[in-house]
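Taking it in order: structure first as structure tokens, then the write-up.
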Amino acid sequence: MKKYSNNFHKFIIFIIITMLCIITYFTNQYFVEPSVHDLFSRMNLSNTPSSQIINIAIDENSLSKVGRWPWNRNLYGNIFEYVKDAKVIVFDSVITSSDNIQSDKKFFSRLKKMDNLILGTFFCNKEQNSTINMTPFAVDIQNGKQMRLIEYQYYANLPEDLVKNAHSIGSVSTLPDNDGVIRKLSPIFRHNKTFYPSVGIKAAMKYKNINSLAYKNNTLILGDITIPLDKTNSEVYLQWYKPSKQNVNFITHKTYSASDILDSYNKMKKGEKPPIPQEEFKDKIIIVGATAYALNDIKKTPIGVDYPGLEIQATFIDNIINNDFMKKTSLALNLIVLAVLVILTVQTAKQLPIIYSLLTLITIILGWFYIAKNIFFANGYIIDVITPLSFVLLAYSLTFVYKYFLAGRSRNNLKNVMSKYISKSVMKDVLKNETAELGGKRAYVSVLFADIRQFTSISEVYTPEEVSSLLNEYFSLIAPIIDKYNGTLNKFMGDAVMAIFGAPIEDENHAKNAVLCAEEILLEVKKLNYKWKISNKPEIRIGVAINTGYVFIGNIGSKDRMEFTVIGDSVNIASRIESLNRVYNTSFLISSSTYEKVKDIVNTIKIRDVSIKGRISSVTIHEVIEIKHDNQNN
């Protein structure tokens, strides 16, 4: 009976672990990994966009100058005619309605002369009353029957005269993932067992003078270009490019306003010198589309939530003509990585003492994150990042439970070991004053954030070992300073530091101590830079910010497992203010709440009231210029 009971318990444990694994895997695959993909996309915007692609944007300025939407169709014709010397012209829009008869007749007549123009359509499974024969615009794909493509039932019902006079038509459809983010595009669409190109594929075919495609081993072959398809054989992961300059619309490729093109066309017709010469567009790929918010062609992408559909098409075409794609690694490779990391973690947790196994666990997590970002993603490969790390943490936790519970270790021993997770200074103060409370307490404190600017550029130049050595020396410098001013070093976040003043031990001068601490950190970093300069090490610049307010500080979790943490709006404000050092080219910022506590010892410049994301009310920030040491009241 006892043996039966033990087997039953083992079976229950097996079921629980299996369910945990399944939930962990699918939660990460569908919710977490896409977000990490977006993060890495933003962190790896290093590639330069092609100069062969030029956008013509129907933007707010165009609507203001030309008039309300929709425009007379011949205005498009004027744009097309002005850039007629382009190698390819893509119209990133769908014409489904008719204008007046005379206007349409003139427009369609002009289309007939433009064999380099690609018009837009779309495919869907919602009835569109499609009656026009689109087969003349289909493409031949060798081995295309092997592609597992969605069969679309309908396409946009384009005007018959437009179809008769058009030389090329492609799909402009951009289908988001389940979370509404566009990370991939479909190069080919299937309807009635016939293949139709997207405007991106058609533009590349025209640009490369290629008439047919081929499919082989999950790739679409276009001449000497191999386009990697995802596991459904239907979509391509986009490689995003670094914007040439900062602007609200995330425009990456060279872009002209449609109103400026129309103005140039009108001046050319009058015999006047156009502001934008036609030679600018010769042999280029021109994409005409909307960027104005009112025209509803703004999408959500990994790069931004207000990304123009026009720029998505430009990015796709750029990927194709330069054979520059992101490739999803195979399921087999992801499982191998997961298995290797889990086995390494389990062996580490079983063989090493808790402190060493925890350090090894942190090394595994940081090491894999670095490898995934800087080796795989930076070279165009999308590999699972959080999924294997989640299994590593799960495996570590289960091994820990087995080692300290099922192996006969007492609950008290577990608590003693877990207590080592809290930083030494915090644990020392909590035990000394016996103020530890499950659930924590509300405290009025000062929160300090310090961050190294442009640390990514240093990481790209130096080896991981050298970067680690630099960070260790930097952290070893500032940690004692924080302790000196009664601060608690709460956590390291990459190259950033978060410190708390005023808790867990109350300190009525916590704001002043935080300011004095920040001043000394900045001073010591200057000395460190002088030392590093002699040793041919890189100079670093740091930004420091302090905010004073109420936070929650204490233990969160259960009676068996808890984490000492500090959370609250005041922490978020301090972090946001620190990031503004980059915006205002400052080194030391404090909030108005901190300023009120230390105004008798500091000289500051009030910068402005700034909006903090997630907050209704703004925050006033001050730059600390000088600290008056003669007036300190310690």
Scanning segment 608-627 for residues that are of a type outside the set (D, E, K, R) and at pLDDT 90 or above, which turns out surrounded by the fewest Cβ atoms within 10 Å (Cβ to Cβ)?
I625
Hey, among I371, I365, I375, which residue is part of a helix (DSSP H, G or I) and open to solvent by less than 50 Å² (accessible area, probe 1.4 Å)?
I365
Matching entry among N322, N296 (being closer than 20 Å to K242 by Cα and either touching a helix residue (DSSP H, G or I) at 6+ places or on another chain (Cβ under 7 Å) or open to solvent by 40 Å² or more (accessible area, probe 1.4 Å) (or both)):
N322
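Please determine whether any residue of segment 113-120 is of a type outside the set (S, T, Y), touching a residue at least 40 places away in the same chain (Cβ under 8 Å) and surrounded by fewer than 18 Cβ atoms within 10 Å (Cβ to Cβ).
Checking segment 113-120: at least one residue is of a type outside the set (S, T, Y), touching a residue at least 40 places away in the same chain (Cβ under 8 Å) and surrounded by fewer than 18 Cβ atoms within 10 Å (Cβ to Cβ).
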Would you pick out the residues in segment 584-603 that are more than 28 Å from the chain's Cα centre (by Cα) and open to solvent by 40 Å² or more (accessible area, probe 1.4 Å)?
S592, Y595, E596, K597, K599, D600, N603
For P388: the one exception among (1) under 19 Å from V36 (Cβ atoms); (2) open to solvent by 10 Å² or more (accessible area, probe 1.4 Å); (3) in a helix (DSSP H, G or I)
(2)
Subset of segment 21-35 [loosely packed, with under 14 Cβ neighbours inside 10 Å and either in contact with a Phe, Trp or Tyr (Cβ under 8 Å, 6 or more places away or on another chain) or within 15 Å of L393 (Cα to Cα) (or both)]:
I22, I23
Being of a type outside the set (D, E, K, R) and more than 11 Å from I521 (Cβ to Cβ) is the filter here, so list the residues in segment 476-496 that pass it.
S476, N486, T488, L489, N490, F492, M493, G494, A496
Identify all residues within segment 561-578 that are of a type outside the set (V, I, T), open to solvent by less than 50 Å² (accessible area, probe 1.4 Å) and modelled with pLDDT under 90; write none if there are none.
F564, G568
Quick one: D283 ticks every box in (1) over 33 Å from the mean Cα position of the chain (by Cα); (2) acidic (D, E); (3) modelled with pLDDT under 95 bar one, so which box is it?
(3)
Number of positions in segment 65-95 that are under 15 Å from G289 (Cα atoms), modelled with pLDDT of 85 or more and of a type in the set (F, W, Y)
3
Single match in F281, F316 (criterion: open to solvent by less than 70 Å² (accessible area, probe 1.4 Å), in contact with a helix residue (DSSP H, G or I) (Cβ under 6 Å, 6 or more places away or on another chain) and touching a residue at least 12 places away in the same chain (Cβ under 8 Å))
F316
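Results for (1) more than 36 Å from the chain's Cα centre (by Cα); (2) open to solvent by 10 Å² or more (accessible area, probe 1.4 Å), shown as yes or no for each residue.
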| residue | (1), (2) |
| --- | --- |
| D140 | yes, yes |
| Q146 | no, yes |
| E160 | yes, yes |
| K164 | yes, yes |
| P176 | no, yes |
| F189 | no, no |
| K193 | yes, yes |
Tell me, please, whether a residue that is touching a helix residue (DSSP H, G or I) at 6+ places or on another chain (Cβ under 8 Å) and in a loop (DSSP other than H, G, I, E, B) can be found in segment 334-354.
yes
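The values are calculated or read from the model by the stated rules, or taken from the named source; none is laboratory data. Just so we're clear, the structure is a prediction, and the values are computed from it rather than from any experiment. A quick note on method: Cβ atoms are made from the backbone with ideal geometry, for glycine too, and the neighbour counts reach across all protein chains shown. When the accessible area is computed, the model is the full protein with side chains, heavy atoms only, and any ligands, DNA or RNA have been set aside. Shrake-Rupley method; radii C 1.70, N 1.55, O 1.52, S 1.80 Å.
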